[in-house]
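The next block holds one structure in the form of structure tokens; read it before the comments.
The values are calculated or read from the model by the stated rules, or taken from the named source; none is laboratory data. Everything numeric in this text was worked out from a predicted model, so none of it was measured. Don't worry about glycine lacking a Cβ; one is built from the backbone with ideal geometry, like all the others, and counts go over all protein chains shown.
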Amino acid sequence: MSRVLVGVKRVVDYAVKVRVKPDKTGVVTEGVKHSMNPFDEIAVEEAIKLKEKKIASEIIAVSVGPTQSQEVIRTALAMGADRGVHVEVSGKDYDLLQPIHVSKILAKLALDEKADLIIVGKQAIDDDSNQTAQMTAAVLDWPQGTFCNKVEKTDAGLNITREIDGGLETIKTKIPAVLSADLRLNTPRYATLPNIMKAKKKPLKKVTPKDLGVDTTPRIEVVSVEEPPVRQAGALVPDVDALVGKLKEGGHI
Amino acid sequence: MIRLIRSYKFLRLRKTSVQYFSARTNMDLKDIKSDTKSSQLKNSSSFMMNIFRGKMLSAEVFPYPDVLVADEKELILSLVDPFEKFFTEINSASRNDENSSIDGTVLNKLWELGAFGIQVPEKYGGLGLGNTQYGRLCEILGANDLSVGITLGAHQSIGFKGILLFGTQQQKEKYLSKLTTEKVYAAFALTEPSSGSDAGSIRTRAVKSDDGNYFILNGSKIWISNGGVADVMTVFAQTEQVDLATGEKKDRVTAFIVERSFGGVTNGPPEKKMGIKASNTTEVYFDNVKVPIDNVLGGEGNGFKVAMTILNNGRFGMGATLAGTMKFCIQKAVEHANNRVQFGKKIKEYGCIQEKISQMNILQYATESMAYTISQNMDKGSKEYHLEAAISKIFASESAWYVCDEAIQILGGMGYMKEAELERVLRDLRIFRIFEGTNDILRLFVALTGIQYAASNLKFLQRAFKNPANNFGIVSTEISRRVSTSIGLGTIDFNPHIAPELQNYGKKAANCIELFGKSVERLLVRYGKNIINEQYILKRLSNAAIDIYSMVVTLSRASRAIKLNLPTAQHELNMTKVLCIQASNRCMDNLRNTSAESELEMIDVMEEIAREVCNKGGVNTTHVITN
């Protein structure tokens, strides 16, 4: 029986067409629909599956961010997590929060809560860093199983099937460990309305990075955020010769 | 002069210590003890009821109600996404339509989602939502799949609503959690082959057993939503009741909770319908069904009241549902208008299209504003929302038809194709003008209920005028009110309630209300009791009432938008302005037409045309190509 810590990040919803702020410091988030990072939903689902198989005893959902982050914790609770921890970071600190900060926070919480397993999404769909799981494992000096496609409990620890470029790779790790969920690990369940209501009554603790002894002072500076270049209009060429000519002209061949 | 009368009245009233003074705004005459007969005047808190007396009671409409506390708001907002997700990711409205049924797996998901007990208290496994919160979910149903909407609505908005509203503790315990969590469907069985709009004429009969422990139920019902799947039904039947005062035996309708497991309950095959095909509609038969006496709902002989209360209570949901449907149609239309290029321009640049888009949005705004005015008044505990609910049902169903039709028109040929999904919506929403009280019956209901209320006031005034010495306060108030309306001063003033930008438009609505009150009075004087037979006129009056309500709710909501400085305030203001211009013109015309000689002559001719055609059994003309 083990305790699982799951990281859930609040991100701009995948269906939203993101727009860059006029001052180029980031993307517009005000009045924009947010939801749980889809890879984190998969992480939560995996934790719930472990609990249903009686491998996990308790699931703690953690989110680092402003007050609204509590929404995604509530979603995790409605899906089946037992309690939540909201690590409040807002303003400029949050805008420039990096995986290095989050991993230290998760590591400290894992120790405080005596967690045996940390599961996070392989990356967040907003900044696509893909570093938190790896860094957390490093901070804790725990084994890591990233890009999980399948997780099985064995007597010795875990058998993990990982998604790698060439196909699938199977590794064995001991517990405690840090895992990151890939797309095909599972299909997350829906939070039903009665469970959403029940989730409101589940405990949600609020802490600050300072409480955890983690310094979240920005280490980077955003110089500029740009829209992807607009695709240039194409042109029709009458035949292959003309095409070859154009390509030569453009220095492509 | 008027002021003099008032101050004199005030002095006199103080002397007799009767609170006549409040009579001008709200005839609150409860305290009058002297002449009970002449002073018993039932006062309604309903805004619409009072315009039949030419009065404005602002409490239910100004300021725009705002009943949800922060927690309740947060709760409903947290339910919106998962509910929408079900429709975008699991359900397919076109597949349901194609199959004329909803997949078992989809239905199971709906049960798991908690959609079958939205207003059932949490202790029975429901979500325990209020009407306003329920309305927000209805919107999502309306925007995505009306068949699913009707399946859910037939279950909880009418099917077992009676148990929530009238059930005994024992009945609630026995049924509510089953109906919420155990996949037991409910239905509402009122309509019969020979009894549609005339619900009092049902023939299904329940006879009490000799030992008094059971009723034996016999009869048949038609067009029962969920009729083929429901295991628990609210059934209405005639029962013999003895009048305690006279000892006379009379048939009165009684409501029963009937379980299929009682035996003798069967149903016909699913009906083949124009729309909402995936919603199960069947005939239901009762053959010597033994219904325990404990399953009487709301008391013996009270069935008609039970039925009407359930229907009244569920009507606001249709407004919210169709507001969602209209949003869907508008989105489809706007997507097309934004992209379609003809004659070298996006079609959104053309006036013909722009006018349609504006009109569609104005109607959507008014529908939504009505729905949430009513739901919030219901949540505040108002019991007198039946006129408003009926109006919102009429307005919503006709607006939705118009909006969907225009969306199809904007899409042109594309809109006529199944792929655009609008043809399904048009078929699905057609039923809303027919069921749960046809719009025609509801129009008469609105006009007659209001007129009855005004008449009670008139009778009261008549009595007061017969004895002006004793009723000086009432008489003088009424005189001063009439003097000021007739010289065009107006006693109704919207200005304290609405945004400064809307004052001119508030004036239009106020004028309509004043003329409305006068028209009702004129009709009463002219027709007396016989007004109930003047359907042409009642319809015009009802249309005027609908226009007034649409103006008032939008004026109120747009003023709220301005007060809260919402980013959409200007847009809401614009829509309200246009609506007020359109509605007030139409309203004035309709009111004039209730008594204009030319209109009455026209009505006579129309009566004659209809008579001729019905006698002939079809079109009654001589073809141009004839020997």
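Scanning segment B:203-238 for residues that are under 30 Å from B:Phe116 (Cβ atoms), among the hydroxyl-bearing types (Ser, Thr, Tyr) and either modelled with pLDDT under 95 or out of contact with any Phe, Trp or Tyr (no Cβ under 6 Å at 6 or more places or on another chain) (or both) gives B:Thr204, B:Tyr214, B:Ser225.
May I ask you to list the residues in segment A:18-59 that are within 14 Å of chain B (Cβ to nearest Cβ) and either farther than 21 Å from A:Val102 by Cβ or out of contact with any strand residue (DSSP E or B) (no Cβ under 6 Å at 6 or more places or on another chain) (or both)? Correct list: A:Val28, A:Glu30, A:Gly31, A:Val32, A:Lys33, A:Ser35, A:Met36, A:Pro38, A:Glu41.
Being of a type in the set (Ser, Thr, Tyr) and touching a Ser or Thr at 6+ places or on another chain (Cβ under 9 Å) is the filter; apply it to segment B:102-136 and report the residue that is farthest from B:Lys178 (Cα to Cα). Working first, answer last.
Keep residues of segment B:102-136 that are of a type in the set (Ser, Thr, Tyr), which gives B:105, B:124, B:132, B:134.
Imposing the further condition that a residue be touching a Ser or Thr at 6+ places or on another chain (Cβ under 9 Å) reduces the set to B:124, B:132, B:134.
On the way: B:Tyr124: 8, B:Thr132: 24, B:Tyr134: 20 Å.
The qualifying residue farthest from B:Lys178 (Cα to Cα) is B:Thr132.
Could you tell me whether any residue of segment B:592-609 is at pLDDT 95 or above, under 21 Å from B:Ile492 (Cα atoms) and either in the same structural domain as B:Phe395 (by TED's automatic domain parsing) or surrounded by 14 or more Cβ atoms within 10 Å (Cβ to Cβ) (or both)? Within segment B:592-609 (the criterion being at pLDDT 95 or above, under 21 Å from B:Ile492 (Cα atoms) and either in the same structural domain as B:Phe395 (by TED's automatic domain parsing) or surrounded by 14 or more Cβ atoms within 10 Å (Cβ to Cβ) (or both)), the answer is yes, since at least one residue qualifies. The residues of segment B:289-322 that are touching a strand residue (DSSP E or B) at 6+ places or on another chain (Cβ under 7 Å) and among the acidic types (Asp, Glu) amount to a single one, B:Glu300.
Specify which of the listed residues (B:Ile118, B:Ile140) is within 12 Å of chain A (Cβ to nearest Cβ), surrounded by 21 or more Cβ atoms within 10 Å (Cβ to Cβ), within 24 Å of the chain's Cα centre (by Cα) and not in a helix (DSSP H, G or I).
B:Ile118
Checking A:Ala110, A:Ala76 one by one, the residue that is within 14 Å of chain B (Cβ to nearest Cβ) and modelled with pLDDT of 95 or more is A:Ala76 and no other.
For segment A:143-166, give me each residue that is touching a helix residue (DSSP H, G or I) at 6+ places or on another chain (Cβ under 9 Å) and part of a loop (DSSP other than H, G, I, E, B). Once the filter is applied, which keeps residues that are touching a helix residue (DSSP H, G or I) at 6+ places or on another chain (Cβ under 9 Å) and part of a loop (DSSP other than H, G, I, E, B), segment A:143-166 yields only A:Pro143. Being within 19 Å of B:Pro270 (Cβ to Cβ) and either of a type in the set (Ser, Thr, Tyr) or buried (at least 16 other Cβ atoms within 10 Å of the Cβ) (or both) is the filter here, so list the residues in segment B:191-227 that pass it. Within segment B:191-227, B:Thr191, B:Glu192, B:Ser220, B:Lys221, B:Ile222, B:Trp223, B:Ile224, B:Ser225, B:Asn226, B:Gly227 meet the criteria.
Hey, among the residues in segment A:86-100 that are under 14 Å from the mean Cα position of the chain (by Cα) and part of a helix (DSSP H, G or I), which one's nearest to A:Val214 (Cα to Cα)? Result: A:Ile100. Whether a residue is buried (at least 23 other Cβ atoms within 10 Å of the Cβ) and closer than 18 Å to B:Gly301 by Cα was assessed, and B:Thr254 passes this test.
Report yes if A:Ser103 is part of a helix (DSSP H, G or I) and among the polar types (S, T, N, Q), otherwise no. Judged against the criteria, A:Ser103 is a match.
The residues of segment B:88-107 that are over 22 Å from B:Pro269 (Cα atoms), within 14 Å of chain A (Cβ to nearest Cβ) and modelled with pLDDT of 95 or more amount to a single one, B:Asn91. Scanning segment A:58-85 for residues that are of a type in the set (A, V, I, L, M, F, W, C) and in a helix (DSSP H, G or I) returns A:Val72, A:Ile73, A:Ala76, A:Leu77, A:Ala78, A:Met79.
The sole residue among A:Gly145, A:Gly167 that is more than 24 Å from A:His34 (Cα to Cα), surrounded by 15 or more Cβ atoms within 10 Å (Cβ to Cβ), small (Gly, Ala, Ser) and without any contact (Cβ under 8 Å) to a residue 40 or more places away in the chain is A:Gly145. Selection over segment A:79-135 of residues that are farther than 16 Å from A:Thr67 by Cα and free of Cβ contacts under 8 Å to residues at least 60 places away in the same chain gives a count of 12.
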